[in-house]
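The values are calculated or read from the model by the stated rules, or taken from the named source; none is laboratory data. Just so we're clear, the structure is a prediction, and the values are computed from it rather than from any experiment. Note: ideal-geometry Cβ built from the backbone for every residue, glycine included; neighbour counts use all protein chains shown. Note: accessible area is taken over every heavy atom of the protein model, side chains too, but ligands, DNA and RNA are not part of it. Shrake-Rupley method; radii C 1.70, N 1.55, O 1.52, S 1.80 Å.
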Amino acid sequence: MIPTTREQALALDAQDPLHGLRANFTLPAGVIYLDGNSLGVLPAATPARVAQVVSDEWGRDLIKSWNTAGWIELPQRVGDKIARLVGAGPGELVAADSTSVNLYKVLHAAAAIQRADHPGKTVILSERSNFPTDLYIAESLAREMGFTLALADTPEAVEQRLDERVAVLMLTQVNYRTGALHDMAALTARAHAVGALTIWDLCHSAGALPVELKACGADFAIGCGYKYLNGGPGAPAFVWVNPKHADRFWQPLSGWMGHAAPFKFTPDYQPAPGIARYLCGTPQVIGMAALECGVDSVLAAEPLGGLTALRAKSIALTEAFAALVEQRCEGHGLAVVSPREAAHRGSQVCLTRSEGAFAIVQALIARGVIGDYRQGDEQTPDILRFGFTPLYIGFAEVWDAVEQLRQVMESREWQRPEFNRRHAVT
Ligand SMILES: *Cc1c(COP(=O)(O)O)cnc(C)c1O
């Protein structure tokens, strides 16, 4: 339902069974935070938990904490919790390293499997609009292993490019720029039909929408801890490997934490069975503690319907935002570039404008409405990006954000010089 007044938006919040989850977060006053797809907000439980890890587990118990506080099991313990959010089983997923690094591990493993089983397959297929780090990692790996990186220009072109030459289909389920959502089940089936393995990047899906890795028969997945999982800046990422592939190859970063017996200190590498071999070095304990609080903040929705309920709310929020922008900001040259059909859209809405996208975002930030800007090029437009994390964003905020945008456009405030200066991080 699209609210037609602020009162109606408030009424939608009052009826929303998930609205109370907002109290589990520290949201700064006077801010409407529509950037949880880039950095999730601080869960209320995190500061005390991190302080405890620092002062008690590290400060007092020191090295004993590897055992007494379970530090050594953190990648698996946090991994098992994330597994519940992405349709994976216990013992199949670990929290570790960064998304970029985990992508390198799984892409290498997938390529090694294909090189052994189907040496004629030498193409890694992805999308030109995929997040650049994914493409950079694939580019370097393709070079190193003698594969070719092929890039589809549109989501529809992905299917057309899937042929017998494709060894690995590497996609991000929700496009970071447009919010376009791929059909994981259908594309995985199409990939398997031509003998390709699939790698799904879940950076913009984990914690935002139901993901069914195992039910889809996916082969590999990776994802981010600091976006919808609220793990904090630079939080550890995660990696999942379908159990049928997990023992087939060493992943290339064969560090001691992926060894079958790290504390035997043998000079030769013997990979651990299962997903543990996808670990590399010592877990980032403090970051992992914050990530666990973040994942718990998503799991807190389980008694209220979990990701199915969160997804329904996310659709309602994004639907309302897109419709209100079109109604209330009409005539200001703003266009919605995210897919309008909910089944094809993640938890974000992107707008574009022929001029001023960056400055409009800056003017909104000055008014306390935080979204972000993503620069375009010859083929893709400049984008104003707004993420809606259903755990802590409500309908009144959608209403207020659109009202602020309307005022920024109406007053031409965005044309002021201070909103047109660029910073290092956009
Ligand atoms: C956010 C994001 C990343 C981030 O990778 P890091 O290694 O954490 O810097 C990678 N891929 C996609 C698709 C993302 O959205």
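Determine whether V86 is among the hydrophobic types (A, V, I, L, M, F, W, C), buried (at least 18 other Cβ atoms within 10 Å of the Cβ) and touching a strand residue (DSSP E or B) at 6+ places or on another chain (Cβ under 8 Å). For V86, the condition - among the hydrophobic types (A, V, I, L, M, F, W, C), buried (at least 18 other Cβ atoms within 10 Å of the Cβ) and touching a strand residue (DSSP E or B) at 6+ places or on another chain (Cβ under 8 Å) - is met. Just one of (1) open to solvent by 50 Å² or more (accessible area, probe 1.4 Å); (2) modelled with pLDDT of 95 or more fails for T154. It is (2). For the stretch 88-120, a residue qualifies if it is touching a residue at least 60 places away in the same chain (Cβ under 8 Å) and not in a helix (DSSP H, G or I), and the qualifying residues are A88, G89, G91, E92, L93, V94, A95, A96, D97, S98, H118.
Which members of the stretch 69-87 meet the condition of being touching a residue at least 40 places away in the same chain (Cβ under 8 Å) and closer than 14 Å to W240 by Cα?
Result: P75, Q76, R77, V78, G79, K81, I82, A83, R84, L85, V86, G87.
What number goes with the only condition from (1) surrounded by fewer than 21 Cβ atoms within 10 Å (Cβ to Cβ); (2) within 24 Å of L213 (Cβ to Cβ); (3) away from the ligand (no atom under 16 Å from the Cβ) that L93 does not pass? L93 satisfies all of (1) surrounded by fewer than 21 Cβ atoms within 10 Å (Cβ to Cβ); (2) within 24 Å of L213 (Cβ to Cβ); (3) away from the ligand (no atom under 16 Å from the Cβ) except (1). Residue check: P132 meets all listed conditions (1) without any contact (Cβ under 8 Å) to a residue 40 or more places away in the chain; (2) open to solvent by less than 30 Å² (accessible area, probe 1.4 Å) but one, namely (2). Counting only helices (runs of 4 or more DSSP H) wholly contained in the stretch 203-321, the ones carrying 3 or more residues that are in contact (Cβ under 8 Å) with a residue 40 or more places away in the chain and open to solvent by 20 Å² or more (accessible area, probe 1.4 Å) occupy 213-216, 285-299.
For residues that are farther than 17 Å from N175 by Cβ and among the small types (G, A, S), scanning just the stretch 125-143, find the one that is nearest to the ligand (Cβ to nearest atom). Filtering the stretch 125-143 for residues that are farther than 17 Å from N175 by Cβ and among the small types (G, A, S), the one nearest to the ligand (Cβ to nearest atom) comes out as S140.
For first residues located in the stretch 395-416 and part of a helix (DSSP H, G or I) and open to solvent by less than 40 Å² (accessible area, probe 1.4 Å), partners that are of a type in the set (D, E) and at pLDDT 95 or above and lie 6+ apart or on another chain with Cβ distances below 9 Å form the pairs F395/D13; F395/D16; A396/D13; E397/D13. Scanning the stretch 19-37 for residues that are part of a loop (DSSP other than H, G, I, E, B) and buried (at least 19 other Cβ atoms within 10 Å of the Cβ) returns L34, D35, G36, N37. The listed residues are L364, L391, and the only one of them that is surrounded by 24 or more Cβ atoms within 10 Å (Cβ to Cβ) and closer than 26 Å to T172 by Cα turns out to be L391.
Go over the candidates A23, A69, A83, A110 one by one and state the one that is over 26 Å from A272 (Cβ atoms) and away from the ligand (no atom under 16 Å from the Cβ).
A23
The residues of the stretch 38-56 that are open to solvent by 20 Å² or more (accessible area, probe 1.4 Å) and more than 16 Å from the ligand (Cβ to nearest atom), listed by number, are L42, A44, A45, P47, A48, R49, V50, A51, Q52, V54, S55, D56.
From G394, G368, G346, G356, grab the single residue that is in the same structural domain as F321 (by TED's automatic domain parsing), under 20 Å from the mean Cα position of the chain (by Cα) and not charged (D, E, K, R).
Values: G394 fails: under 20 Å from the mean Cα position of the chain (by Cα); G368 fails: under 20 Å from the mean Cα position of the chain (by Cα); G356 fails: under 20 Å from the mean Cα position of the chain (by Cα).
Just one listed residue meets the conditions, G346.
Please determine, by comparing only the residues of the stretch 163-183 that are of a type in the set (A, V, I, L, M) and open to solvent by less than 10 Å² (accessible area, probe 1.4 Å), which one is nearest to the chain's Cα centre (by Cα). Among residues in the stretch 163-183 that are of a type in the set (A, V, I, L, M) and open to solvent by less than 10 Å² (accessible area, probe 1.4 Å), the one nearest to the chain's Cα centre (by Cα) is V174. For the stretch 111-124, a residue qualifies if it is within 19 Å of V101 (Cα to Cα) and buried (at least 20 other Cβ atoms within 10 Å of the Cβ), and the qualifying residues are A111, I124.
The set of residues from the stretch 208-262 being away from the ligand (no atom under 16 Å from the Cβ) and of a type in the set (S, T, Y) comprises just one member, S254.
Being open to solvent by less than 10 Å² (accessible area, probe 1.4 Å) and over 17 Å from L39 (Cα atoms): is that true of L351 here? Before you say what the answer is, go through the steps one by one.
Details: open to solvent by less than 10 Å² (accessible area, probe 1.4 Å): yes; over 17 Å from L39 (Cα atoms): yes.
Judged against the criteria, L351 is a match.
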